[in-house]
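Asker: Take a look at the following structure, please.
Computed from the coordinates by the stated procedures, all read-outs in this text should not be read as laboratory data. Everything numeric in this text was worked out from a predicted model, so none of it was measured. Here the Cβ positions follow ideal geometry from the backbone for every residue, glycine too, while neighbour counts run over all protein chains shown.
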Amino acid sequence: MNGFLIAVLRAGIAFAVLVGLFGQIVAIPTTAADEVDRFPPYEPFATPYATALALGAAGHLAVAEIPSPGDGMDVESALAAATAAVAVGAAFAMLTVVVRSLLRKATSLQSEMAAVV
């Protein structure tokens, strides 16, 4: 193959991976935020919703037969990036739940302290 054609194909693969990362970093959280704007009771579920969308993207990459030149490491790296995004989203969702419960407890303790003083 021509060296220029190989470089163009590699650039296309890199662009496809970057578009996937853009989708997971920008598009999916924006979609979750838009859903919260349309229906405010969804606010506590915005982070888990974004994580579920990223999980769907990772699941698709895991089971889809995606043709790739060479040994398929580009598909595996996209799957690893999607899985990492899901792990970070899940960790952030758990952190959000813990911080909310701590804030709720601190607020109740503050009101109890105000009653004592």
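Asker: Just how large is the dipole of the chain about the Cα centre, in debye to the nearest 20, putting +1 at every Lys and Arg Cβ and -1 at every Asp and Glu Cβ?
Answerer: About 320 debye.
Asker: What is the helix-to-structure angle for 3-22, meaning the angle in degrees between its Cα long axis and the longest Cα principal axis of the chain, kept from 0 to 90 and rounded to the nearest 10?
Answerer: Compared with the principal axis, the helix lies near 10 degrees.
Asker: Return the distance in nm (one decimal) between the two label points of a simple spin-label model at Ser108 and Thr96, each offset 7 Å from Cα along Cα→Cβ.
Answerer: Between Ser108 and Thr96, the label points sit 2.2 nm apart.
Asker: What percentages make up the Cα-Cα pair-distance distribution of the chain when the bins are 10 Å wide from 0?
Answerer: Binned Cα distances yield the sequence 12, 30, 24, 16, 9, 5, 2, 1, 0.
Asker: For the chain, find the longest principal axis of its Cα atoms and tell me its angle to the long axis of helix 28-38, 0 to 90°, nearest 10.
Answerer: The angle comes out near 40 degrees.
Asker: Compute the long axis of helix 46-63 from its Cα atoms, compare it with the longest principal axis of the Cα atoms of the chain, and write down the angle in degrees, 0 to 90, nearest 10.
Answerer: The angle comes out at about 30 degrees.
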